[in-house]
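Student: Starting off with a structure, shown below.
FYI, it's all coordinate maths here, none of it is from the lab. Nothing here was measured: the structure is a model prediction, and the numbers come from that model. Note that we place each Cβ from the backbone using ideal geometry, even for glycine, and neighbour counts take in every protein chain shown.
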Amino acid sequence: MLITKAPKGTEDLLPQDSYKWQYLEKKFKEVCDNFGYKEIRVPTFEHTELFERGVGDTTDVVEKQMYTFNDKGGRSVTLRPEGTASVARCYLENNLYSGVLPLKMWYNLPCFRYENKQKGRLREFHQFGIEAYGSKGPSIDAEVVALAVTFLTNAGLADLSVNINSIGCPECRKKYNEILKEYLRPKYDEFCETCKTRFDRNPLRILDCKSEICQSIAKDAPRLLDYICEDCREHFESFKKALENMGISYSVDNGIVRGLDYYTKTVFEIISGPFTVCGGGRYDGLVEEFGGDKTPAIGFGLGIERLLLRLEANGVEIPDETKPDLYIAPLGETAAEAAQTIAFNLRKAGVKVETDHIGRGLKPQMKYSDKIGSKFTLVLGDNEIETGKIRLKNMESGEQQEWELDKIAEFFI
């Protein structure tokens, strides 16, 4: 085992790329602020039972993908595979239900799932997500979709497809499951081993199986949407109307059931190219499953790695807002000392400044300034210090502008 090689399914975020993540994080927070969502942060690991009960013991996540281990106290804990169950636990433990409702939250979390590494899918991955508690009406469903579409559009994706479905309430699904089992029963022996165990416990999960054989068997199965109750149907129709009122185009996709057991009624996915970049829906029974009162809730998860891949594939250039405003190129020891003082004072004033720490000559410093993308360069020598007169070179145009050294902050602010 090489200690200088990252574990399979993980990736380093390099300094030259971190600005892309920071840009998206800033954009996501801005959109969430505009929609009235506040940040929540939850632990990286939880008691294993939280995910077994919340995510569902018939899901791929729980059956195959969780990083579960015993801590030194002998307690079974699991690295967070998704955010919703942790937020629901936090909601109950901290009595957030006693505050103002609806409670609207957002998060930016690393998550962990043990699965084969492939493009856009890692074992440690990162998600933006939102959760809204306390509103059972379809208007909040539409707002959640609208927030996701707004963020993705602001980030630069133009090829978005919004796909929606309703998987009904537990009563709808109870009746539908019997119909589905009757349809699938003749092909039972052809199922993968995992789906054979799901047949009696949760046949709906068979529709979400990745096995080509199971997909082929299930492709002509009865549509759940045809069997939802009147209340669920009215909710779905009102949800569609709300999207239409906001000018958000959508398609009804009967194949969307989502991969986690807590979903009820509204489910949706937002597609870009070959990737589902965002997915979510309602989970009105999750808080109750954890011992709380029945609480309507809805949210989504949005993969950051996949989003970055889609932006790159679409030729979207993310601006590097971390580039220096000014590079100070000192000539000589006295100038180097002065440059550090000038840089410090400018930084306190909010200006992004770099200067030399290696003792380079003028030509290498100019190359360095260009390489790091500095907007302006100041060559600082004894003459500039004595006269107090400097020249600021625009690195893009090559033009130089005279300025007074003791008023340099005014040039940038």
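Student: Size of the dipole of segment 1-135 about the Cα centre, Lys and Arg at +1 and Asp and Glu at -1 on the beta carbon, nothing else charged, in debye to 20?
Tutor: About 320 debye.
Student: Return the FRET efficiency for the residue pair residue 175, residue 323: r is the Cβ-Cβ distance, R0 is 60 Å, and the value is rounded to the nearest 0.05.
Tutor: Efficiency at R0 = 60 Å is approximately 0.50.
Student: Label points 7 Å out from Cα along the Cβ direction at residue 213 and residue 116: separation in nm?
Tutor: If labels sit at residue 213 and residue 116, their model points lie 1.6 nm apart.
Student: Same structure again: Starting from 0.36 nm per residue, how many nanometres of slack lie between residue 158 and residue 26 once their C-alpha separation is accounted for?
Tutor: Gain on stretching residue 158 to residue 26: 45.6 nm.
Student: Among all lysine pairs in segment 326-412 that are eight or more places apart or on different chains, how many have alpha carbons less than 25 angstrom apart?
Tutor: Eligible lysine pairs with Cα atoms under 25 Å apart amount to 25.
Student: In addition: Relative contact order of segment 326-412, please, whole-number percent, based on alpha carbon pairs below 8 angstrom and at least 6 residues apart.
Tutor: 31 percent
Student: So, one more: Take residue 93 and residue 230, extend 7 Å from each Cα along the Cα→Cβ direction, and tell me the distance between the two endpoints in nm.
Tutor: Simple spin-label model gives 4.3 nm for this pair.
Student: Could you give the length gained on full extension between residue 42 and residue 197, defined as 0.36 nm per residue of separation minus the Cα-Cα distance, in nm?
Tutor: The span from residue 42 to residue 197 would gain 52.5 nm if fully extended.
Student: Are there any GluC sites (Glu not before Pro) in segment 303-342 that are in a DSSP loop and have at most 10 other Cβ atoms within 10 Å? List them by number.
Tutor: Of the GluC sites (Glu not before Pro), the ones in loops of segment 303-342 whose Cβ has at most 10 other Cβ atoms within 10 Å are 317, 321.
Student: Turning to a different aspect of this structure: Could you give each residue of segment 373-382 its phi-based ³J(HN,Hα) in whole Hz, using Karplus coefficients 6.51, -1.76, 1.60 with θ = phi - 60°, and x for Gly or Pro?
Tutor: Here the 3J(HN,Hα) series is x, 4, 6, 9, 10, 10, 8, 10, x, 4 Hz.
Student: Relative contact order of segment 1-155, please, whole-number percent, based on alpha carbon pairs below 8 angstrom and at least 6 residues apart.
Tutor: About 26 percent, as a whole number.
Student: To the nearest 0.05, how large is the calculated FRET efficiency for residue 19 and residue 190 if R₀ is 60 Å and r is the Cβ-Cβ distance?
Tutor: Efficiency for this residue pair is about 0.75.
Student: Let me ask something else about it. For segment 326-412, compute Rg over Rh where Rg is the Cα radius of gyration and Rh is the Kirkwood radius from the inverse mean 1/r over Cα pairs.
Tutor: Looking at segment 326-412, the ratio lands at 0.91.
Student: Could you pull out every Cys in the chain that lacks a partner Cys with its beta carbon under 4.7 Å away?
Tutor: 32, 90, 111, 169, 172, 192, 195, 229, 232, 278, each lacking another Cys Cβ under 4.7 Å.
Student: Each residue of segment 345-359 in turn: what ³J(HN,Hα) in whole Hz from Karplus with 6.51, -1.76, 1.60 and θ = phi - 60°, glycine and Pro shown as x?
Tutor: Computed from phi, the couplings for segment 345-359 are 5, 5, 4, 4, 7, x, 9, 7, 10, 10, 8, 7, 10, 10, x Hz.
Student: From a point 7 Å beyond the Cα of residue 182 in the direction of its Cβ, which residues of segment 225-251 have a backbone N at a distance under 20 Å?
Tutor: Within reach of a label on residue 182, which here means backbone N under 20 Å from a point 7 Å along Cα→Cβ, segment 225-251 contributes 225-230.
Student: Around residue 126, which amide H atoms from residues at least 5 apart in sequence, or from another chain, sit under 5 Å from its own amide H, with H modelled in the peptide plane?
Tutor: Sorted by chain and number, the residues that satisfy this are 111, 304, 305.
Student: A follow-up question, please. Between rounded, prolate and oblate, where does segment 227-315 land on the alpha carbon gyration tensor, with a ≥ b ≥ c its root eigenvalues, rounded for a/c under 1.5, else prolate if a/b exceeds b/c?
Tutor: oblate
Student: Going by amide H atoms built from the backbone, whose H comes under 5 Å of the H on residue 169, apart from near neighbours?
Tutor: Result for residue 169 returns 229, 265.
Student: Starting at the first residue of segment 393-400, write each ³J(HN,Hα) from the Karplus equation 6.51 cos²θ - 1.76 cosθ + 1.60 with θ = phi - 60°, in whole Hz, x for Gly and Pro.
Tutor: Using θ = phi - 60°, the values come out as 9, 6, 6, 8, 8, x, 6, 10 Hz.
Student: On to the next question. Mind running the shape call on segment 232-277? Use the C-alpha gyration tensor, a ≥ b ≥ c as the square roots of the eigenvalues: rounded below 1.5 for a/c, prolate if a/b tops b/c, oblate otherwise.
Tutor: It comes out oblate by the Cα gyration axes.
Student: Answer rounded, prolate or oblate for segment 5-48, using the Cα gyration tensor with square roots of eigenvalues a ≥ b ≥ c: rounded when a/c is under 1.5, else prolate when a/b is larger than b/c, else oblate.
Tutor: oblate
Student: If amide hydrogens are placed 1.01 Å from N in the peptide plane, which non-local residues have theirs closer than 5 Å to the one on residue 137?
Tutor: none
Student: Treat every Asp and Glu Cβ in the chain as -1 and every Lys and Arg Cβ as +1, leave all other atoms uncharged, and give the resulting dipole magnitude about the Cα centre to the nearest 20 debye.
Tutor: Roughly 740 debye, rounded to the nearest 20.
Student: Now, a different point. Anyone know which of 206, 164, 248 comes out most mobile in the 10 Å Cα GNM of the chain?
Tutor: Between 206, 164, 248, it is 248 that shows the largest mean-square fluctuation.
Student: Can you give the Rg/Rh ratio of the chain, where Rg is from the C-alpha atoms and Rh is the Kirkwood radius?
Tutor: Result: Rg/Rh = 1.10.
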